[in-house]
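The block underneath contains the structure these notes are about, expressed in structure tokens.
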Amino acid sequence: MTKSISFLLMLFGFTIAASVPSRAVVPDKDIVETAVAAGNFKTLATALTEAGLIETLKGKGPFTVFAPTDEAFAKIPKADLDKLLKDKEALTKVLLYHVVSGKVMSTDVVKLKSAKTVQGSDVKIVVKGKDVMINGAKVVTVDIEASNGVIHVIDSVIMPPAGRKMAPKGEKKY
């Protein structure tokens, strides 16, 4: 009898636990920590350090970062990348061109035609079937949540337009 009561109490406990809605898990790592932990954003982390933007992206946010991988940075000729990493002003503009203020999840990104970046210029957003392009760079992974925003991984480094509000169709990217 005691075993039956214990079993019923245990079963009742599981039933109650299963019916209680779970709370969304809030990530404990910020955008920088999340990117570093992923392991494929070493060049981005180096660039953020060189530009002095680590503390900015560790800030309250929220931010949406279109983050180029190490492979994306490898598309830039080494001499050009080295030159960019040494030019703090240009590097800052390029990096901030990958950041949008606010937490813009993929379900919202696909509804947009463009988005204003922290750099000040807009990025063009194009949806082609299942593919989403940000100024021609393909979004390869979406909705990597961080405590202060979200990361969408892109396959190319996008370059801000020089003196224009919107990048034209053929805007340079690497």
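We did not get these values from a lab; they are worked out from the coordinates using the rules stated. Just so it is clear, the structure is predicted and the values come from calculations on it, not from any experiment. Please note: Cβ atoms are built from the backbone with ideal geometry, for glycine as well, and neighbour counts cover all protein chains shown.
Any idea what the dipole of the stretch 26-154 comes to, in debye rounded to 20, about its Cα centre with Lys/Arg Cβ at +1 and Asp/Glu Cβ at -1? Let's see the in-between values first.
On the way: 18 positive and 16 negative charges, 86 e Å.
That gives a dipole near 420 debye.
Peptides 101-109, 60-68, ordered by how many other C-beta atoms sit within 10 Å of their residues on average, highest first, read 60-68, 101-109. Amide H to amide H distances under 5 Å link Ser114 with Ile125, where only residues 5 or more positions off or on other chains count and H is placed in the peptide plane. For Val157, the residues whose amide H sits under 5 Å from its own are Tyr174, ignoring neighbours fewer than 5 places away on the same chain, with H placed 1.01 Å from N.
Residues whose amide H comes within less than 5 Å of that of Ala146, counting only those at least five positions distant or on another chain, are Ile151 (H built at 1.01 Å from N in the peptide plane). Per-residue packing, averaged as other Cβ atoms within 10 Å, sorts the ranges 132-141, 151-160, 111-120, 39-48 into the order 151-160, 132-141, 39-48, 111-120, beginning with the highest.
Maximal additional length on extending the Asp70-Val110 stretch stands at 11.9 nm, based on 0.36 nm per residue less the C-alpha distance. Backbone phi angles across the stretch 66-74, fed through the Karplus curve with coefficients 6.51, -1.76 and 1.60 (θ = phi - 60°), yield HN-Hα couplings of 8, 9, x, 6, 4, 4, 5, 5, 5 Hz in residue order; Gly and Pro are listed as x. Computing FRET efficiency as 1/(1 + (r/R0)^6) for Lys130 and Asp80, where r is the C-beta to C-beta distance and R0 is 35 Å, gives about 0.65.
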